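First up is the structure itself, then whatever we jot down about it.
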Amino acid sequence: MGRGRAALGAGLLFLLCLGLVGLALPLRGRLEAPGSTAVYDRKGRLLRLSLAADGRYRVASPLSAYPPDFVEALLLKEDRWFWYHPGVNPLALAKAAWHSTVARDYRAGASTITMQLARIAGAYDTGSPAGKLRQAWDALRLERLYTKAQILEAYLSRAPCGGNIEGFEAASLAYFGRPLASLALSESLLLASLPQKPWTSLDKAGDPGLLAARDRLYRAWCRRHPEARAKAGEFSLPIRLAASFPFAAPHLVDSLLARTPRGAARPPRIDSTIDRDLQARAEAILASYVERHAPEGIHNASALLLDSRTMEVLAEVGSANFYDSAIEGQVNGCEALRSPGSALKPFLYGLAIQQGVIHPMTVLKDAPIHFSGYNPDNFDNDFEGPLTAKEALIRSRNVPAVWLMDKVANPDLHDLLAKAGISRLKPRDWYGFSLILGTAELSMKELAGLYAMLARGGSYLPVREVVAPARGARAGTGRDRAPSLLGPEAAWLVLDILREKPRPEISETVLASSRIHPDCAWKTGTSIGFRDAWSVGVSGPYVLAVWVGNFDGTSNPAFVGLTAAAPLMFEVLDGLNAGGLDFSEAPWERRPPGLARVKVCAASGAIPTELCPRTEETWFIPGTSPIDRCAVHQEVLVDTLTGLRRRTALEGRTRREVMEVWPSDLMALFARAGLPRRQPPPFAQGESGEAGREAGTVPQIQSPLARSEYILRYDPKGVEIELPLLCVVPSDASRVFWFLDDSFLGSVPPGQAFFWKPRPGEFSLRATDDRGRSASLRFKVVLGDNRN
């Protein structure tokens, strides 16, 4: 009895001393502490928990975010009278004093949650009487400065839970890999017991002391909630702990964490658009591909999967191996600026279709051409002659693309890229026609966003990597809020063309009979110097972009889009399809109403005449697409006695024949390819006159360009500069005559350039063939300074 009174007296004396000491002691520590950032995937699964600024894992959450049952269990274990005491529990102090002095039981504690928070915030030793006094005094001060809810909320995020893990949300993510709200009762009670075993780590989950503390708490819980006895079986099961914090989608997470402005606090939670399952599958396929192709010098690659409906990134693989320093694996290839090669050509063709320059069956010339001294070549250093716009895009011919660059305007390709917000886009004049061949650098996200624009019917929205608040059925789909870069008809036609490009590794027959290969509209690109290999595809509502190369820019002849990047793209595509990704809702299934099917001449691609022997159907934009009539098939009068061509029929001596009349440059290519075309015979003497002035057969001056300004620079070595004069004439011409300001310069056979030594001035240039047909233009030559 005497010892009990002594214990009670000691408790009262402690409170008296506490009041006296507290008058002289300021409050130590703060409730606030730097927090971690938890990055989740689109389904709420943790991708990474970052370290707080003080090197601890700590997730700050509002009290309302914690499960009420867990909060109740924690108070039941740690501080049953929390809502009623002033920060210090006198009865608990007296009880602890009695246990320690009378019962000699030192396990009984008297610290309230407020006292524990005071010790955590103040970071001082409470083993001494003075330390205990200070802890109690700070607890009283905390209760006066903050509400009970604020104190409990701070404790829930700062309670020691093992190692450098603080707070129960962080502990749940660390030990179970799931948010606290998703835990079973046995797991929740285990976490609620951690503050008494703060040294517990992942490899001590079976600690008998910790399990015993949990079981005691379960029995106390059942006394309050008898229905919980039905869950007793959970407590006999082994504890399944996560191996470690997840570290998924590392490039994307790094990018999201780095976006916090300097000096600003990171948000406690970021909900990314990534799907962790798709991310893992894409990473595995990409790593396997690189490993198999290492003998070819392929050691690195990147991939990006985008949902065109929402513009959300579903998978982002920045490199083949994040941890491999030999390939600079921590560089994010999805954000690095690289040359896209020919991957921009679909957007140029879209502009040309929209502006009525071409339709899919318009015949373009893949022949040598000159643009102000710029002579574009093809990847294979060869020319294929006439081919349709569809074929030119599918086969990625450079010369037709450069010709289109000269024809599209307001907007041109540079305007389209600028409107899309392409970063670091230089002025138009810096690129010239080479823009279409990949001299502008884009990131993979920018390039994928442009292809998503095609899938969205021409409307463009920026790529998103963070889940946006839902506004309506599906965030980000509203085309009325998105700027239009192409009309829906032009965007649909480009995709329709790219769908016809066969996959590189399988035949079209196998593709048509197989269900494991989703339909895909795709394009490749290879940068100058073999430094970047690209392949971008639209399949269903998704856009998949793939890059193969080296981050240091080292070239490799194996870095060709068709052979290095396209097979990887289709491997990823097939793997995602096999994994259950739904590739329905393909954009080509939504054909715009402003399209019609028309017949065109199979040879010229123009509106057919009665002379065209064969026609084909193509898509057409009424009121926009070109309506030129075929000028290739012409009716020719042939003298049956001489075999010569005549302008007028002779009774009984002439027959009518339909022949193909091609320009001279294409006739030369036909001959070089071993595909000679039958040319109309020469005219009989005295019959040439106005011959050949039929529509579409006039000469065309290719060099110099009309209304162009040429700069004449002084050469210190004395080399005289010459300007090539080149004119394409109909195939029946045999000579081209050049006139400058009505002064005769000279003549050359068709297909050959005449070289003129320029001088400053403004000139009128005329080319006339031996049939009297002519073309003219004006151009200017100015003196320039080449000393820079």
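The values are calculated or read from the model by the stated rules, or taken from the named source; none is laboratory data. None of these values were measured; they are calculated from a predicted model. Here the Cβ is made from the backbone with ideal geometry for all residues, glycine too, and neighbour counts use every protein chain on show. Keep in mind that these areas ignore ligands, DNA and RNA; they rest on the heavy atoms of the full protein, side chains included. Shrake-Rupley method; radii C 1.70, N 1.55, O 1.52, S 1.80 Å.
Things worth noting here:
- The chymotrypsin sites (Phe, Trp or Tyr not before Pro) of segment 59-93 meeting both criteria, a DSSP state outside H, G, I, E and B (loop) and at most 13 other C-beta atoms within 10 angstrom of the site's C-beta, are Trp81, Trp83, Tyr84.
- Applying a DSSP loop filter and a limit of 11 other Cβ atoms within 10 Å to the trypsin sites (Lys or Arg not before Pro) in segment 409-442 leaves Arg424.
- Fully extended contour minus Cα-Cα distance, from Ser423 to Leu63, at 0.36 nm per residue: 125.4 nm
- Full-extension gain in nm, Glu589 to Arg216, via 0.36 nm per residue minus C-alpha separation: 128.0 nm
- FRET efficiency, 1/(1 + (r/R0)^6) with R0 35 Å, evaluated for Ser484 and Phe247 via beta carbons: 0.30
- Peptide packing for 626-633, 276-283, 725-732, 308-315 was compared via the average number of neighbouring C-beta atoms within 10 Å per residue; ordered from the highest value, the list is 725-732, 308-315, 276-283, 626-633.
- Among the GluC sites (Glu not before Pro) in segment 548-651, those located in a DSSP loop and surrounded by at most 15 other Cβ atoms within 10 Å of their own Cβ are Glu585, Glu610, Glu651.
- With the cut-off at under 20 Å, measuring from each backbone N in segment 753-772 to a point 7 Å along the Cα-to-Cβ line of Ile721 picks out 753-765.
- For the peptides 292-300, 164-172, the ranking by packing is 164-172, 292-300, with the highest mean count of neighbouring Cβ atoms within 10 Å listed first.
- Take the Cα of Leu650, step 7 Å toward its Cβ, do the same at Arg597, and the gap between the two points is 4.9 nm.
- Restricted to Cα atoms, segment 590-657 shows a radius of gyration and a Dmax of 17.6, 60 angstrom.
- With 22 Å as the limit on Cα-Cα distance, the pairs of Lys43/Lys523; Lys426/Lys523; Lys345/Lys445; Lys365/Lys445; Lys407/Lys780; Lys365/Lys407 that go past it are Lys43/Lys523; Lys426/Lys523; Lys365/Lys445.
- Projected label points at Leu562 and Thr147, each 7 Å from Cα along the beta carbon direction, are separated by 7.0 nanometres.
- Using the 1.4 Å probe convention, the accessible area of segment 489-645 works out to 42 Å² per residue with neighbouring protein chains retained.
- Rounded FRET efficiency, nearest 0.05, which uses the C-beta distance separating Leu337 from Arg240 and R0 of 60 Å: 0.85
- Label-to-label distance, nm, for residues given as Thr554 and Glu617 (7 Å Cα→Cβ offset): 5.4 nm
- Efficiency of FRET between Asp741 and Asp415 - r from beta-carbon atoms, R0 60 angstrom, step 0.05: 0.95
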